[in-house]
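One structure below.
Here, each number is a calculation from the coordinates, and none is a lab measurement. In this text, all values refer to a predicted model and were calculated from it rather than measured experimentally. Positions of Cβ are backbone-derived with ideal geometry, glycine not excepted, and every protein chain shown enters the neighbour counts.
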Amino acid sequence: MKSVLHPWQMLLFILAGLINQHQQNTIEYLIAKNRILREKIGRKRILLTNDQRRRLAIKGKVLGRKVLAEICSIVTPETILRWHRMLIADKWDYSKYRKKFGRPRIDKEIVELLVQIAKENPSWGYNRIQGALANLGYKISDTAIGNILREHGIEPAPERKGQTTWKTFLQAHWDVMASIDFTTIKVWTKSGLRTFYLLFVMEIATRRIYFAGCTINPDEDWMLQVGRNLTDSEEGFLRNKRYLLMDRDKKYDEMFRSILAGSGVNPVRLPRKSPNLNAHIERYMHSLKEECLERLILFEKYQSC
C-alpha cells in the first residue's frame, strides 16, 4: 500500500532542502574566504588567544573529525580536537587548589637588599648581615642568607675581603681622593689657530672643581708650579687629600709626582685606556666641552692664563 504525503509534509521537505542548500552555500563561501585569507597571510602562523581556542574546540567537538576535515581551514582537525582534550583535562585538574607545602619564597625586595649589603660590606659575615636585616624589620635565617649569596656568586666574608673592587675602594676613600685631567681648546691668535691646554682637578666626594690653569706649552716648569700651587699648605686644593687619580699622560712626569708625594698626596696612575676608573672627571670634561667650549669661538688676549 503506497503512502501518500500530505501537502504540508511536502512543504516541510521543500523548506528543509532549501535551508540545507542555503547552509551548504554559506559554508562553502566561508571556506573559500578563509582560504583566500590564508593565501594573503602566507605561511605565517596565526596566533590565537586561549578564549578563541576554547570557542573553536567546543564547536569543533560537536561537528566531529570528518566534518572538520572538510570545513576547517585555519588549523587542522587534530589541533581542534587536541584543544578539546586539553580543556577537559584542565577541568578535572585540581592540583592548583592543593595546599602548597614548604617554606614560602623570600621576597625579591629582601633578596636585592641582602645582596646589596653583602657587596657594599665585604667584611660582613652571614650573622652580621642577618642582624642588619633584622634592624630593618626583615627576619631571615643565616642559612638562607648563605644560600642566597651563593646563588648570586658572592663568596663568604673571609674570601670576599680579598676581592676589593674599584667601587668599594673609592667609596672607602671618598673624602681623601681627588682626580686630575687635561682637556684642550682651539683659540684664534695673532699667529693663527692654536691649541690651549686646560687643567682641572676634582674633589671626588663633593664633585667640586678647581681650575689649575691653562697654557699652550705644559712643560715641566709649568707642571711643577701647578704642583706647588695644588699642595700649598694654606690654600692648596689638595690639602688634606691622600690620593690623586691621574692617567698616564707624559705631562704628569716624575718631578710632578714627586712634589705631590712630598706633600703627602699619593699619585695613583691608572692603567692605560681605562677612563672608567676616573669616570667622575671624565664625565665633567664631556659636559664642559659639549655644553660650553664647543659652543664658543675663543680669541687670544694673553699668551697664557
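Descriptive notes on the structure:
- Each of Cys292, Cys214 was scored by other Cβ atoms within 10 Å of its Cβ. Arranged with the fewest first, they read Cys292, Cys214.
- Taking 7 Å steps out from each Cα toward its Cβ at Phe299 and Glu151 produces label points 6.8 nm apart.
- A DSSP coil position with no more than 14 other Cβ atoms inside 10 Å describes the following GluC sites (Glu not before Pro) in the range 207-305: Glu234, Glu235.
- Restricting the trypsin sites (Lys or Arg not before Pro) of the range 181-241 to loop positions (DSSP other than H, G, I, E, B) with no more than 11 neighbouring Cβ atoms within 10 Å leaves Lys190, Arg207.
- Modelled this way, with points 7 Å down the Cα-to-C-beta line, the labels at Ala261 and Asn135 are 4.0 nm from one another.
- Database remark: amide H of Gly213 closer than 5 angstrom to the amide H of Leu199 (H placed geometrically; neighbours at sequence offset of 5 or more, or on other chains; Pro and chain starts carry no H).
- Label-reachable residues, the range 191-230, where backbone N falls under 12 Å from a point 7 Å from Leu270's Cα toward its Cβ: 202
- Subtracting the Cα-Cα distance of Ile110 and Ala89 from 0.36 nm times their residue separation leaves 3.8 nm of extension gain.
- Estimated FRET transfer efficiency (Glu291, Lys119; beta-carbon r; R0 30 Å; 0.05): 0.35
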